[in-house]
1. Counting only protein heavy atoms and a 1.4 Å probe, tell me what percentage of region 1-128's accessible area is made up of carbon and sulfur.
2. Filter Lys38/Lys108; Lys61/Lys133; Lys5/Lys133; Lys8/Lys38 down to the pairs with a C-alpha to C-alpha distance above 25 Å, please.
3. Rg and Dmax in Å for region 5-143, alpha carbons only: what are they?
4. In Å², what does the accessible area per residue of region 46-88 work out to with a 1.4 Å probe?
5. Treat every Asp and Glu Cβ in region 47-155 as -1 and every Lys and Arg Cβ as +1, leave all other atoms uncharged, and give the resulting dipole magnitude about the Cα centre to the nearest 20 debye.
Amino acid sequence: YGYRKGDKIMTMPFYRWRHGPVMETNRMLDFYVDADGKGFFVINILSGLAFTKDGRLMLDKNRRVVMQNGGFPVLGENGEIYLPEGDEIHVTTTGLIMVDGEPVDRFKIVVFDNYNDMQNLETINGSVFYLKKEIATLAGPEHYKVRQGFIEQNNVLKALIGDMKFALKGYEYGAKTAKTVAKLLGDLSGLASP
């Protein structure tokens, strides 16, 4: 959005933190943080901690959990997450990661307190965000649920579909108004003819 600062007009990005469509993938390393649009995985980037909603994860050659997009390490409560060899990876709704039934770590999840404060997040690439200043967060797994085998898709498509419905309604009302005006003009011209 734009704002005036003295005699200059400044611009500042504004994010709409609404949900994207949730898609079931059934992949063992796909995750969705269900937290009313305010929940993020915590990741490690070169300059420090960052946040993402992109739950498409994979294991690198050292069996470290990383993002598919960019290879950034995903953090657990104990730091970077390394998974031992095993057949089954299961993650509970509280983010507890288990391999073959044995607990390994818990995803470090951040849930921001409100959407207005989330405007202080700055993006690196559209899916990785960092904080410009500290903001309030909600602590504890009672504020989120981790869904394994699901991902949250980009919310831009959802926004466009919503905006398209709004535009279609506007077009329909405009068309009805034009028809009414044309009918009235026809009626008026009929009255003026002898």
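The values are calculated or read from the model by the stated rules, or taken from the named source; none is laboratory data. Please read these numbers as outputs of a predicted model, since none were measured by experiment. Counting neighbours? That spans all protein chains shown, and the Cβs are built from the backbone with ideal geometry, glycine included. Side chains are part of the model used for accessible areas, which takes the heavy atoms of the whole protein and leaves out ligands, DNA and RNA. Shrake-Rupley method; radii C 1.70, N 1.55, O 1.52, S 1.80 Å.
1. Values: 3460 of 6930 Å².
Result for region 1-128: 50 percent of the exposed heavy-atom area is carbon or sulfur.
2. Working: Lys38/Lys108 14 Å; Lys61/Lys133 34 Å; Lys5/Lys133 21 Å; Lys8/Lys38 33 Å.
Correct reply: Lys61/Lys133; Lys8/Lys38.
3. 16.3, 63
4. Per-residue value: 56 Å².
5. Numbers: 11 positive and 16 negative charges, 66 e Å.
Roughly 320 debye for region 47-155.
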